[in-house]
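**Student:** Below you will find the structure I want to go over with you.
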Amino acid sequence: MRDAAVSVAVLPVVIVGAGPYGLSLAAHLSAAGIGFRIFGTPMAFWAAIARGGRERYLKSTSIGTNISVPRPGFSFPQWSRDRGLEDFEPCSMQQFTDYGLWVQQQCVPQLEQRDVALIHKEGPHFRLTLADGETLRAARVVLATGLAGFDSLPEPFASLPPELCTHTTHVKGFAGFAGQSVAVVGAGQSALEAAALLREAGASPTLIAREERLRWMNRVPRERPLIQRLRSPLSGLGSGPRAWLLTHVPGAVHHLPDDMRTRFVSNHLPAEGAWWLRARVEGRVEVLTQVGVTSARADGGADGAGCVLGLSDGTQRRFDHVLAGTGFRVDMDRVAFLDPALRGQIARIMGSPRLDAHFETSVEGLHVIGPASAMSFGPLFRFVVGAPHAARTVAGHCQANRGGARIVVPAGAPLRPVAATA
Ligand SMILES: Cc1cc2nc3c(=O)[nH]c(=O)nc-3n(C[C@H](O)[C@H](O)[C@H](O)COP(=O)(O)OP(=O)(O)OC[C@H]3O[C@@H](n4cnc5c(N)ncnc54)[C@H](O)[C@@H]3O)c2cc1C
């Protein structure tokens with residue numbers, strides 16, 4: 001006799017991640033009446049940076065850091081103004097975190113603060129296992145997990161023990177470095193900010209940069225004469241015609257041939273610091289430019305554990321610790337919660353997922369939004385300013401392809417039914 005069959009609901013959409021991209025998509029799906037569940041810790045990435053010190057600010061202006069909600073009244077500048085806070089720049093990480101939590105509470109109250117532990121492809125659908133063991137099925141999964149797991153620690157730093165070398169993204173606070181000599185490697189915002197915060201916490205930082213000189217962004221006053229505004233319009237990505245075009249025609253870069261687009265994404269922004277950081281670094285922090293680190297080894301030394309760095313100018317320097325501001329490299333093989341078989345089916349561009357015009361990977365129903373989409377969509381998507389386009393596009397695609405969310409499975413299958421509302 002054939003097994004009796006029961007109907008098990010398959011969720012139309014699951015969003016993994018509750019930062020600006022995941023929350024924006026959730027707000028758009030809600031508005032379109034599409035059933036979904038969303039998992040993650042709201043604004044976790046930003047809260048962790050904010051915990052690293054009060055003097056930590058967004059590099060972008062408030063107009064480039066809106067969480068996209070398809071209703072008026074939810075912009076970051078307006079939220080800030082209503083509370084008497086800075087509404088242009090620099091806005092603190094804590095302020096942005098609080099704004100994100102407010103948007104989540106207002107617009108995405110159904111967020112479940114649980115992690116997704118594993119995603120498998122099962123027939124036409126996805127089977128997700130949460131960290132607490134619950135399993136569910138979804139027709140479509142959108143990954144919005146930001147830069148999590150993509151920190152890049154190249155050689156020679158990778159061979160140093162973790163107690164001597166930390167990637168800037170993993171620094172929990174700077175006070176613990178007081179009295180220590182710290183090599184900060186890199187010339188981007190993370191390295192420059194770490195050097196300033198170390199000095200302010202009573203450490204002795206030395207910034208080591210391969211670049212010829214440190215570069216700083218110019219301050220763009222919010223009130224400017226018309227002619228200047230026309231010549232160098234201000235947009236969420238910064239000032240200038242190129243930033244304006246990228247912001248206002250967000251889907252354009254996707255149409256470029258691969259080699260042109262990947263070169264553009266790789267070279268779009270040089271390593272540079274925000275204007276408000278300059279006075280906290282120049283003349284206050286020891287800076288070595290045009291110097292690379294060629295070797296690194298742990299060194300017990302008479303005064304405790306430390307490390308010796310070999311530098312490209314032929315010298316050696318000893319430090320108590322190394323902070324690596326060596327950036328991020330998207331590599332889908334490092335997304336630990338994707339089943340290896342599923343990972344293997346995702347077509348890549350230099351480690352990043354190859355995405356179609358709807359942010360969909362080569363695996364039907366699996367989407368990626370946020371910084372991991374930049375190789376397919378351009379540099380705008382490394383930043384929060386790309387969230388409105390990503391959210392609109394993916395929600396529009398879900399709406400156009402809704403339906404067919406119910407499947408039939410044999411009785412006794414170990415899945416817990418979930419409610420689908422589409
Ligand atoms: C130091 C630093 C400063 C930056 N400053 C700026 C800036 O000023 N402006 C700007 O636009 N961009 C900035 N960026 C870039 C920024 O990282 C991206 O713009 C941003 O992360 C994009 O948001 P997101 O929603 O994709 O991811 P995130 O905000 O990083 O959110 C990721 C979410 O995924 C969740 N998550 C992760 N794993 C799981 C899992 N297994 N299950 C469930 N949930 C999971 C987390 O809980 C979190 O909710 C900065 C980056 C760095 C490193």
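The values are calculated or read from the model by the stated rules, or taken from the named source; none is laboratory data. On a predicted model such as this, the values are computed, not experimentally measured, just so you know. Don't worry about glycine lacking a Cβ; one is built from the backbone with ideal geometry, like all the others, and counts go over all protein chains shown. Each accessible area value is taken on the protein alone, full model and side chains, heavy atoms only, with ligands, DNA and RNA left out. Shrake-Rupley method; radii C 1.70, N 1.55, O 1.52, S 1.80 Å.
**Student:** What is the gain in length, in nm to one decimal, between S232 and A400 on full extension, counting 0.36 nm per residue of separation less the C-alpha to C-alpha distance?
**Tutor:** 56.7 nm
**Student:** Which FRET efficiency value, to the nearest 0.05, do you get for R215 and R71 by plugging their Cβ-Cβ distance into 1/(1 + (r/R0)^6) with R0 = 45 Å?
**Tutor:** The value I calculate is 0.70.
**Student:** Sorted by packing (mean other beta-carbon atoms within 10 Å per residue), highest first, where do 51-58, 317-324 land?
**Tutor:** By packing density, highest mean first, the sequence is 317-324, 51-58.
**Student:** Further, regarding this structure: Assign one of three labels to the stretch 205-360, namely rounded, prolate or oblate, based on the Cα gyration tensor with a ≥ b ≥ c the square roots of its eigenvalues; rounded applies when a/c is under 1.5, prolate when it is not and a/b is larger than b/c, and oblate otherwise.
**Tutor:** Here the stretch 205-360 falls in the oblate category.
**Student:** Something else about it: Probe radius 1.4 Å, ligands and nucleic acids left out: which of K172, K59 has the largest accessible area, and how do the rest follow?
**Tutor:** Highest to lowest solvent-accessible surface, that is K172, K59.
**Student:** The chain: D in µm²/s via Stokes-Einstein (Kirkwood Rh, Cα pairs, 20 °C, 1.002 mPa s)?
**Tutor:** So the translational diffusion coefficient is about 93 µm²/s.
**Student:** How would you order 109-121, 222-234, 364-376 from highest to lowest mean count of nearby Cβ atoms within 10 Å?
**Tutor:** 364-376, 109-121, 222-234
**Student:** Mind grabbing the accessible area of S30 for me, 1.4 Å probe, Å², rounded to tens?
**Tutor:** 50
**Student:** Another question, then. Given that compact globular proteins tend to follow 2.2 N^0.38 Å, what is the ratio of the alpha-carbon Rg of the stretch 269-369 to that value?
**Tutor:** 1.64
**Student:** If I ignore ligands, DNA and RNA and count only protein heavy atoms, how much of I49 is accessible to a 1.4 Å probe, in Å² to the nearest 10?
**Tutor:** For I49, solvent-accessible area is about 30 Å².
**Student:** Moving on to the next point. What number comes out for the charge environment of P340, summing +1 per Lys or Arg and -1 per Asp or Glu over other residues with Cβ under 14 Å away?
**Tutor:** Its environment carries a net charge of 0.
**Student:** Specify which residue in the list L147, F177, L130 is farthest towards the positive end of the charge dipole of the stretch 122-193, using unit charges on the beta carbon of Lys, Arg (+1) and Asp, Glu (-1), about the Cα centre.
**Tutor:** Working it through, the farthest residue towards the positive pole turns out to be L130.
**Student:** Output the antiparallel fraction of DSSP beta bridges having both residues in the chain, as a percent to the nearest 5.
**Tutor:** Bridges in the chain are about 50 percent antiparallel.
**Student:** When the solvent-accessible surface of protein heavy atoms is calculated with a 1.4 angstrom probe, in what order do R242, R37, R261 fall, highest first?
**Tutor:** Most to least solvent-accessible, the answer reads R242, R37, R261.
**Student:** For the stretch 146-182, list residues with backbone N below 14 Å from a point placed 7 Å from the Cα of R318 toward its Cβ?
**Tutor:** Residues 181-182 qualify, since their backbone N sits under 14 Å from the label point.
**Student:** Now, a different point. Select from T206, P70, L58 the residue farthest towards the positive end of the dipole of the chain; place +1 on Cβ of Lys and Arg, -1 on Cβ of Asp and Glu, and compute about the Cα centre.
**Tutor:** P70
**Student:** On to the next question. What does the net charge come to around R280 if you take all other residues with beta carbon closer than 9 Å to its beta carbon, with K and R at +1 and D and E at -1?
**Tutor:** Neighbourhood net charge equals -1.
**Student:** Give me the percent of accessible area attributable to carbon and sulfur for the stretch 86-202, probe 1.4 angstrom.
**Tutor:** 52
**Student:** Suppose only helical runs count, i.e. DSSP H with n ≥ 4. What mean residue ellipticity at 222 nm does that imply for the chain under -39500 (n - 2.57) per run, divided by all residues and rounded to the nearest 500 deg cm²/dmol?
**Tutor:** One gets -7000 deg cm²/dmol as the mean residue ellipticity at 222 nm.
**Student:** Can I ask one more? What accessible area per residue comes out for the chain, rounded to a whole number of Å², with a 1.4 Å probe?
**Tutor:** Counting only protein heavy atoms, the per-residue value for the chain is 45 Å².
**Student:** Please report the net charge: other residues with Cβ closer than 15 Å to the Cβ of V291, K and R +1, D and E -1.
**Tutor:** With Lys, Arg at +1 and Asp, Glu at -1, the net is -1.
**Student:** Can you pull a Stokes-Einstein diffusion coefficient for the stretch 11-131 at 10 °C (1.306 mPa s), Rh from Kirkwood over Cα pairs, as a whole number of µm²/s?
**Tutor:** 104
**Student:** What figure, in Å² to the nearest 10, do you get for the accessible area of T129 with a 1.4 Å probe and non-protein molecules left out?
**Tutor:** For T129, solvent-accessible area is about 30 Å².
**Student:** Order F88, F96, most accessible first, counting only protein heavy atoms with a 1.4 angstrom probe.
**Tutor:** Heavy-atom accessible area, descending, gives F88, F96.
**Student:** Please report the equivalent ellipsoid semi-axes of the stretch 304-361, computed as sqrt(5 x eigenvalue) of the Cα gyration tensor, largest first, in whole Å.
**Tutor:** 39, 14, 9
**Student:** Run through the stretch 340-372 and list the trypsin sites (Lys or Arg not before Pro) located in a DSSP loop whose Cβ has at most 13 other Cβ atoms within 10 Å.
**Tutor:** none
**Student:** What full-extension length gain, to one decimal in nm, is calculated for F264 and H358 as 0.36 nm per residue of separation minus the Cα-Cα distance?
**Tutor:** That pair, F264 and H358, stretches by 31.8 nm at full extension.
**Student:** Treating only the Cβ atoms of Lys and Arg (+1) and Asp and Glu (-1) as charged, compute the dipole magnitude of the chain about its Cα centre; round to the nearest 20 debye.
**Tutor:** 960
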